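Okay, structure first, notes after.
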Amino acid sequence: MNPCLQYKNFWTSSNADIPEAMGKLYVVPTPVGNLEDITLRAIRVLKEVDSVLAEDTRTSGFLLRHLGIEKKMQPFHKFNEHKALEQLVERLRLGETLALVSDAGTPSISDPGFLLVRACVDADIPVECLPGPTSFVPALVQSGLPCERFCFEGFLPVKKGRQKRLQELAAETRTLILFESPFRVIRTLEEMIGIMGPDRKACLCRELSKKFEETIRGTLQEIKDILQQRDALKGEMVLMVSGRDRKSEKTSDES
């Protein structure tokens, strides 16, 4: 038997226990920039589901129109997700199939989605996350920094707990990955320099997969100096910082 056929429609070892009327939540990654990065499977799922839960219906509407898909959409974002959970879980119980999308990338990764997925899991409603676009993986791979082990931090706290978090990350030996706003990136680099030192190797990726994609490699200080020469900074950014070097610190202590 073709091994691919053995797993067709197989999502859990207890599939037989799921009522036939039960719906399903699909978590569907969408392109982070280049619309060609949408997968064939994502397109099929978006066509087949009953409704799409969108972080921003305007952004998702543009993508659906580009794909030639007409589908009912419902806003689902950080401002309404708590209130919407009970209703959505009930709709899924009654047999609806829903696709959850964010503005870009994979939902739940620094975007709304976790609460709904957890609620579905608690209610024994099937959840299937499709493989697909996310910005930090290509950024890490092309950074030139070690990527066999890494620590994804997402966005740092804006105020409360920020310095404590940076102090904790300074001791991390794995490559650090953070999302950052163009309005805060210089401040973040300055704080990292103060805590980790100016010579930590780093890489900043901006506008991934878009026309003006840019990758800046160097030390924390060098990247900060480059950005400070710009009149304006635009685009979502992924910042990677090398982990603490245990070997060099051990050599320094012994000397």
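The values are calculated or read from the model by the stated rules, or taken from the named source; none is laboratory data. Just so it is clear, the structure is predicted and the values come from calculations on it, not from any experiment. Ideal geometry is used to build each Cβ from the backbone, glycine not excepted, and the neighbour counts take in all protein chains shown.
The single condition among (1) modelled with pLDDT under 90; (2) within 22 Å of the chain's Cα centre (by Cα) that H82 does not satisfy is (1). Would a scan of the stretch 62-71 turn up a residue that is at pLDDT below 95 and surrounded by 18 or more Cβ atoms within 10 Å (Cβ to Cβ)? No: the stretch 62-71 contains no residue that is at pLDDT below 95 and surrounded by 18 or more Cβ atoms within 10 Å (Cβ to Cβ).
So, of the residues in the stretch 115-142 that are touching a Phe, Trp or Tyr at 6+ places or on another chain (Cβ under 7 Å) and part of a loop (DSSP other than H, G, I, E, B), which turns out to be nearest to A21 (Cα to Cα)? So the residue we want is P126. One residue stands out in the stretch 11-31 among those that are modelled with pLDDT of 95 or more and among the hydrophobic types (A, V, I, L, M, F, W, C): the one that is farthest from P138 (Cα to Cα), namely L25.
When you go through L145, L176 one by one, which is the residue that is outside any loop (DSSP other than H, G, I, E, B) and touching a strand residue (DSSP E or B) at 6+ places or on another chain (Cβ under 6 Å)? So that I can check it myself, show each step before the final result.
Working: L145 fails: outside any loop (DSSP other than H, G, I, E, B).
Result: L176 is the single residue among L145, L176 that is outside any loop (DSSP other than H, G, I, E, B) and touching a strand residue (DSSP E or B) at 6+ places or on another chain (Cβ under 6 Å).
Can you tell me which residue is farthest from P31 (Cα to Cα) among those in the stretch 72-83 that are surrounded by 13 or more Cβ atoms within 10 Å (Cβ to Cβ) and in contact (Cβ under 8 Å) with a residue 24 or more places away in the chain? For the stretch 72-83, the residue satisfying everything is E81. Residues of the stretch 98-132 that are of a type in the set (A, V, I, L, M, F, W, C), in contact with a Leu (Cβ under 9 Å, 6 or more places away or on another chain) and within 22 Å of G235 (Cβ to Cβ): V101 alone. L115 falls short on exactly one of the conditions (1) modelled with pLDDT of 95 or more; (2) over 16 Å from the mean Cα position of the chain (by Cα), and that condition is (2).
Of all residues being closer than 20 Å to L169 by Cβ and of a type in the set (S, T, Y) in the stretch 204-246, which is surrounded by the most Cβ atoms within 10 Å (Cβ to Cβ)? Just the residue, please. So the residue we want is S242. Inclusion of L100 among residues that are within 23 Å of Q74 (Cα to Cα), part of a strand (DSSP E or B), assigned by TED's automatic domain parsing to the domain that holds I43 and not basic (K, R) is warranted. With respect to being closer than 29 Å to F179 by Cα, under 22 Å from the mean Cα position of the chain (by Cα) and modelled with pLDDT under 95, E55 falls outside the description.
Would it be correct to say that F76 is touching a helix residue (DSSP H, G or I) at 6+ places or on another chain (Cβ under 7 Å), modelled with pLDDT of 95 or more and of a type in the set (F, W, Y)? Yes.
Only one of R206, R174 is modelled with pLDDT of 95 or more, within 21 Å of D103 (Cα to Cα) and of a type in the set (D, E, K, R). Can you tell me which? Among R206, R174, only R206 is modelled with pLDDT of 95 or more, within 21 Å of D103 (Cα to Cα) and of a type in the set (D, E, K, R).
Show the residue pairs meeting these rules: Cβ distance below 9 Å; 6+ apart or different chains; first residue within the stretch 179-194 and free of Cβ contacts under 8 Å to residues at least 40 places away in the same chain and acidic (D, E); second residue surrounded by fewer than 16 Cβ atoms within 10 Å (Cβ to Cβ) and part of a strand (DSSP E or B). Close Cβ pairs (under 9 Å, with a partner that is surrounded by fewer than 16 Cβ atoms within 10 Å (Cβ to Cβ) and part of a strand (DSSP E or B)) do not exist here. Here is the figure for the stretch 41-52: residues that are within 20 Å of the chain's Cα centre (by Cα) and free of Cβ contacts under 8 Å to residues at least 60 places away in the same chain total 3.
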